[in-house]
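Enquirer: Before I ask anything, let me first share the structure, which is written out below as structure tokens.
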Amino acid sequence: MVLVSSLTPLMFTVRRRQPELVTPAIPTPHEVKLLSDIDDQAGLRFLIPFIHIYSYEPSMEGKDPVDVIRKALAQTLVFYYPFAGRLKEGPGRKLMVDCTGEGVLFVEADADVTLDQFGEAPQPPFPCFHQLFYDVQDSEEIINYPLLVIQVTRLKCGGFIVATRINHTMSDGAGIRQFMNCMVEMARGARKPSIQPVWCRELLMARDPPRVTCNHREFEHVAPDTINSYEDDIVHRSFFFGPTEIAAIRRFVPLHLPYCTKFEVITACFWCCRTKALQLEPEEEVRFMCIINARARFNPPLPEGYYGNAFAYPAAVTTSRKLSFGYALELIKKVKAEVTEEYMHSVADLMVNKDRCLFTIVRSCIVSDLTRFGLREVDFGWGKAVYGGVAKGGAGLFPGASYLIPGENAKGEEGIILPICLPAKAMKRFAKELYNMLRN
């Protein structure tokens, strides 16, 4: 049976020091850099929260993780100096980075709790979330605010938590992992990163003149749904898919389909159970969007070290009535293959033509696969993270975003964690639908 995690009753107190600005360790260029037309679309204008949880490591006795990470961050910003700047907005909502060197926001904190109190397998949603993440006032506005906010919280047991908010217009999952890998290398004594960062945002600028050549159902205008809109009582839970759960889902894969990946079977299952849980009308359209890393789909591939956003989220669309598990698999496989170099240029052109519009949010869900980015392997010297990944489901103000994150359950089994957000009643129905699917 799938393991379900909900917000635990654990309560604790965090004592923060005065926030500080960490600047590059040496002077860096003061210039203005344009973001790409993939970077600055409306759907990426928010701070995405990542969390890394570390246990006590005897070999690091006497070393303070706050000091180690603060110093590594300053050294990293020498190479990734745009992160120390501030966003500006030009004509046509065009975003650019003013590389001022002002720095990123860094917060030192201590909590009166031990790692054991988080449970045997910490996963979203995390208790006292807002105490672990420093919330910059009005930061969702993003203009003229720090592009990166890091809080390092020491635990009573000698472990610690690194909670990071990063402006999504600057980087995607692959870019964030590259940035954090540089921090790790600096913390462990390196003088330069093993992979040099590459800006080159002009590679994903709109063409002149813009020409939309592909069908982008992820950006279709859909009238707001007043009947089945999200309620105010959104709840967060994580569902664990280990070998047993994945094998149970694979029993429903139609014989005519070729090999299906874990991503495909889990997301098809999620889409079907979620749709049933929302109790939509039979002929209402439902939309599933999957994040596709397009770096290798360019010819030649985007340069190694490119840390901007380089993904698309093509949409599979059907009606609630037609959505079965097998049909969901077919649709997901089809849209995954749609992303090409031309598709990416077409998205960039669409952003210019449609004022950097938001993706379709009505009866939509998005899933991003973070299993290949090695976020748990971010090791500042205390070993790999007990948990490393996004801190919760959702993306900005859109609760329909979910993520596949590698992790362990309480039994120590390796698997995939899926944090999701749904209205409370729908969440109960989702859990029941999923349980029934895994049991049958």
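Enquirer: Keeping all protein chains in position, work out how much accessible area Arg188 exposes to a 1.4 Å probe, and write it in Å² to the nearest 10.
Expert: For Arg188, solvent-accessible area is about 140 Å².
Enquirer: Which whole-number percent gives the relative contact order of the chain, counting Cα pairs below 8 Å spaced six or more residues apart?
Expert: Across the chain, relative contact order equals 24 percent.
Enquirer: Which sequence of Leu358, Leu35 reflects their accessible areas, 1.4 Å probe, from the largest down?
Expert: Largest accessible area first, the list is Leu358, Leu35.
Enquirer: Would you mind calculating the relative contact order of region 140-235 from Cα pairs under 8 angstrom and at least 6 residues apart, reporting the percent as a whole number?
Expert: Dividing the mean separation by the residue count of region 140-235 yields 13 percent.
Enquirer: With each label point set 7 Å from Cα along the Cα-Cβ vector, what nm distance links Leu21 and Gln279?
Expert: Result for the modelled spin labels: 5.2 nm.
Enquirer: Add -39500 (n - 2.57) for each DSSP H run of 4 or more in the chain, then divide by its residues: what number comes out at 222 nm, to the nearest 500 deg cm²/dmol?
Expert: -7000 deg cm²/dmol
Enquirer: So, one more: Determine the dipole magnitude for the chain: charges of +1 sit on the beta-carbon of Lys and Arg, -1 on that of Asp and Glu, nothing else is charged, the reference point is the Cα centre, and the result goes in debye to the nearest 20.
Expert: My answer is approximately 740 debye.
Enquirer: Mind checking the full-extension length gain between Val136 and Tyr327? Use 0.36 nm per residue of separation minus the Cα-Cα distance, one decimal, nm.
Expert: Using 0.36 nm per residue and subtracting the Cα-Cα distance, I get 64.4 nm.
Enquirer: While we're looking at this one, here's another question. In what sequence, largest accessible area first, do His236, His52, His30 appear using a 1.4 Å probe?
Expert: Final ranking, largest accessible area leading: His30, His236, His52.
Enquirer: Kindly state, as a whole number, the per residue volume in cubic angstrom of the convex hull around the alpha carbon atoms of the chain.
Expert: Roughly 147 Å³ of hull volume per residue.
Enquirer: When ligands, DNA and RNA are left out and all protein chains stay put, how many square angstrom of accessible area per residue does the chain have with a 1.4 Å probe?
Expert: Per residue, the chain has 42 Å² of solvent-accessible surface.
Enquirer: Taking the Cα centre as origin and putting +1 on Lys and Arg beta-carbons and -1 on Asp and Glu beta-carbons, what dipole magnitude results for region 47-141, to the nearest 20 debye?
Expert: For this selection, approximately 620 debye.
Enquirer: Okay, next question. Place +1 on the Cβ of every Lys and Arg and -1 on the Cβ of every Asp and Glu in the chain, take the dipole about the Cα centre, and give the residue among Val265, Ala401, Gln279 whose Cα lies farthest towards its positive end.
Expert: Of the listed residues, the answer is Val265.
Enquirer: Which value in Å does the Kirkwood hydrodynamic radius of region 71-229 take, with 1/r averaged over all unlike C-alpha pairs and then inverted?
Expert: 18.8
Enquirer: Here's another thing I want to ask about it. Restricting to bridges with both residues inside the chain, how much of the DSSP beta-bridge set is antiparallel, in percent to the nearest 5?
Expert: Given both bridge residues lie in the chain, the antiparallel proportion sits at roughly 80 percent.
Enquirer: Put Lys94, Lys336 in order of accessible area, largest first, 1.4 Å probe: what do you get?
Expert: Listed by decreasing accessible area, they come as Lys336, Lys94.
Enquirer: While we're on this one: State which entries of Lys262/Lys354; Lys322/Lys428; Lys354/Lys428 exceed 27 angstrom in Cα-Cα distance in the structure shown.
Expert: Exceeds cut-off: Lys262/Lys354; Lys354/Lys428.
Enquirer: Using DSSP to call loops (not H, G, I, E or B), can you name the GluC sites (Glu not before Pro) in region 118-175 whose Cβ has at most 12 other Cβ atoms within 10 angstrom?
Expert: Hits after loop and neighbour filter: Glu120.
Enquirer: Continuing with this model, one more query. Taking the Cα centre of each part, how many Å lie between region 308-347 and region 348-420?
Expert: Going from one Cα centre to the other spans 17 Å.
Enquirer: Rounded, prolate or oblate for region 149-249? Axes are the square roots of the Cα gyration tensor eigenvalues, ordered a ≥ b ≥ c, and the cut-off for rounded is a/c under 1.5.
Expert: Note, shape of region 149-249 comes out oblate.
Enquirer: Could I ask something else about it? Along the charge dipole of the chain, pointing to its positive end and built from +1/-1 on Cβ of Lys, Arg, Asp and Glu, which listed residue (Leu87, Tyr435, Met205) has its Cα farthest out?
Expert: Going by the charge dipole, the pick is Tyr435.
Enquirer: Further question on the same structure: For Tyr307, which sequence-distant residues (separation of 5 or more, or a different chain) have an amide H within less than 5 Å of its own amide H, given hydrogens modelled in the peptide plane?
Expert: Under 5 Å from the amide H of Tyr307: Val198.
Enquirer: Among residues other than Lys33 whose Cβ falls under 13 Å from its Cβ, what is the net charge (Lys/Arg +1, Asp/Glu -1)?
Expert: Summing Lys and Arg as +1 and Asp and Glu as -1 gives -1.
Enquirer: Ok, one more. When N counts the residues of region 294-438, how does its alpha-carbon radius of gyration compare numerically with 2.2 N^0.38 Å, as a ratio?
Expert: 1.23
Enquirer: How large, in percent, is the carbon and sulfur part of the accessible surface of region 286-440 at a probe radius of 1.4 Å?
Expert: 52
Enquirer: With +1 assigned to the C-beta of every Lys and Arg and -1 to the C-beta of every Asp and Glu, and no other charges, what is the dipole magnitude of region 109-258 about the Cα centre in debye, to the nearest 20?
Expert: My answer is approximately 960 debye.
The values are calculated or read from the model by the stated rules, or taken from the named source; none is laboratory data. Fair warning: this is a prediction, and the values are worked out from it, not measured in the lab. Heads up, the Cβs are rebuilt from the backbone with ideal geometry, glycines too, and the neighbour counts pull from every protein chain shown. Accessible surface areas use protein heavy atoms only, side chains included; no ligands, DNA or RNA. Shrake-Rupley method; radii C 1.70, N 1.55, O 1.52, S 1.80 Å.
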